[in-house]
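*Asks:* Would you mind keeping the following structure in view while I ask a few things?
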Amino acid sequence: MTQEMIIAGFGGQGVLSMGKILAYAGMLQGEEVCWMPSYGPEMRGGTANVTVILSDDRISSPYLKVYDTAIILNQQSMDKFENAVKPGGILIYDPNGIVSHPTRKDIRIFRVDGYKLATEMGNRKVFNMILLGAFLKIRPVVTIKNVLKGLKESLPERYHHLLPLNEEAITKGMENVFPYDVEKALTAEHV
């Protein structure tokens, strides 16, 4: 099994952290792992993305042009990566700030209102964990147990008191992922 993915959004949305947690979880499961971040010079607000590859076999290159899965958190990333999902692949997105929703019919698309759910939970910083939970519901490529271990590894110790909140956010994401019906959305636009 090989899972090649891109996670993309603005800096400050937890894009790189989400990828790092998946990479840690993959290593804990004995998989070959690649974590390759890409971001602009801005600390927050600039674009950021991370390529994550999890595989039972050796990974020949961290550089990819097409992905099995894309997790999209902003419009710029939707514009850049929607067409980079392999036919039959998965696109997961949060609609907050997205004005041009996905239109491809040859991939499976899922909508997760992560930003809204994180706001309801009282901490917008768990937004990325909600999206991670949604991904794991759709494609359980790593176990929750290893994800939680990876989360603990990647969070500085001063934030370990937030581990239960992050676990709750992952569960909330698993419970709130919905298929996006492109046909229905396109028909609604033309009515």
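The values are calculated or read from the model by the stated rules, or taken from the named source; none is laboratory data. Note that the structure is predicted; figures quoted are calculated from it, not measured. Cβ: placed from backbone, ideal geometry, glycine included. Neighbour counts: every protein chain shown. Calculation scope for accessible area: heavy atoms of the full protein, side chains included, ligands and nucleic acids excluded. Shrake-Rupley method; radii C 1.70, N 1.55, O 1.52, S 1.80 Å.
*Asks:* Consider SER17 carefully, then state whether it is over 20 Å from PHE110 (Cβ atoms) and either part of a helix (DSSP H, G or I) or open to solvent by less than 50 Å² (accessible area, probe 1.4 Å) (or both). Steps first, please.
*Replies:* Values: over 20 Å from PHE110 (Cβ atoms): yes; either part of a helix (DSSP H, G or I) or open to solvent by less than 50 Å² (accessible area, probe 1.4 Å) (or both): yes.
So SER17 passes the test.
*Asks:* Only residues in segment 70-82 that are more than 13 Å from VAL50 (Cα to Cα) and in contact (Cβ under 8 Å) with a residue 24 or more places away in the chain count as the first member; pair them with residues that are of a type in the set (Ser, Thr, Tyr) and surrounded by 20 or more Cβ atoms within 10 Å (Cβ to Cβ), Cβ under 9 angstrom, at least 6 apart or cross-chain, and list the lot.
*Replies:* The qualifying pairs are MET78/TYR93.
*Asks:* May I ask you to list the residues in segment 120-141 that are surrounded by fewer than 24 Cβ atoms within 10 Å (Cβ to Cβ) and in contact with a Gly (Cβ under 9 Å, 6 or more places away or on another chain)?
*Replies:* LYS125, LEU136, LYS137, VAL141
*Asks:* Could you list all residues from segment 119-151 that are part of a loop (DSSP other than H, G, I, E, B) and either closer than 18 Å to PHE178 by Cα or within 16 Å of the chain's Cα centre (by Cα) (or both)? So that I can check it myself, show each step before the final result.
*Replies:* First, pick out the residues of segment 119-151 that are part of a loop (DSSP other than H, G, I, E, B): 122-123, 139-143.
Once the filter is applied, which keeps residues that are part of a loop (DSSP other than H, G, I, E, B) and either closer than 18 Å to PHE178 by Cα or within 16 Å of the chain's Cα centre (by Cα) (or both), segment 119-151 yields ARG139, PRO140, VAL141, VAL142, THR143.
*Asks:* Residue under question is TYR115, and the condition is that it be among the hydroxyl-bearing types (Ser, Thr, Tyr) and buried (at least 19 other Cβ atoms within 10 Å of the Cβ); does it hold? Full working, then the answer.
*Replies:* Details: among the hydroxyl-bearing types (Ser, Thr, Tyr): yes; buried (at least 19 other Cβ atoms within 10 Å of the Cβ): no.
So TYR115 does not fit the description; no.
*Asks:* Filter segment 68-92 down to residues that are in a helix (DSSP H, G or I), more than 13 Å from the chain's Cα centre (by Cα) and not polar (S, T, N, Q), then give me how many there are. Before you say what the answer is, go through the steps one by one.
*Replies:* Filtering segment 68-92 down to residues in a helix (DSSP H, G or I) leaves 75-84.
If we keep only those that are more than 13 Å from the chain's Cα centre (by Cα) too, we end up with 75-76, 79-80, 82-84.
Pick out the ones that are also not polar (S, T, N, Q) and you get 79-80, 82, 84.
The qualifying residues number 4.
*Asks:* Is there a residue in segment 21-33 that is polar (S, T, N, Q), in contact with a strand residue (DSSP E or B) (Cβ under 9 Å, 6 or more places away or on another chain), under 20 Å from LEU136 (Cα atoms) and in a loop (DSSP other than H, G, I, E, B)? Let's see the steps before the verdict.
*Replies:* Of the residues in segment 21-33, the ones polar (S, T, N, Q) are 29.
Narrowing further to those that are in contact with a strand residue (DSSP E or B) (Cβ under 9 Å, 6 or more places away or on another chain): 29.
The next check asks that each one be under 20 Å from LEU136 (Cα atoms); those that pass are 29.
Those still in the list that are in a loop (DSSP other than H, G, I, E, B) too: 29.
Yes.
This table checks each residue for (1) open to solvent by 90 Å² or more (accessible area, probe 1.4 Å); (2) farther than 17 Å from LYS125 by Cα.
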site: ILE144; (1), (2): no, yes
site: LEU151; (1), (2): no, no
site: GLU175; (1), (2): yes, yes
site: LYS184; (1), (2): yes, yes
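*Asks:* List the pairs whose first member sits in segment 35-49 and is within 7 Å of PHE10 (Cβ to Cβ) and open to solvent by 50 Å² or more (accessible area, probe 1.4 Å), whose second member is in a loop (DSSP other than H, G, I, E, B) and modelled with pLDDT under 80, and whose Cβ atoms are under 6 Å apart, counting only residues at least 6 apart or on separate chains?
*Replies:* Pairs that qualify, where the first residue is within 7 Å of PHE10 (Cβ to Cβ) and open to solvent by 50 Å² or more (accessible area, probe 1.4 Å) and the partner is in a loop (DSSP other than H, G, I, E, B) and modelled with pLDDT under 80, are THR47/GLY40.
*Asks:* Of all residues being of a type in the set (Ser, Thr, Tyr) and assigned to a helix (DSSP H, G or I) in segment 152-180, which is nearest to the chain's Cα centre (by Cα)? Just the residue, please.
*Replies:* Of segment 152-180, the ones of a type in the set (Ser, Thr, Tyr) are 154, 159, 171, 180.
Within this subset, residues satisfying the condition of being assigned to a helix (DSSP H, G or I) are 154, 159, 171.
Working: SER154: 16, TYR159: 21, THR171: 14 Å.
It comes out as THR171.
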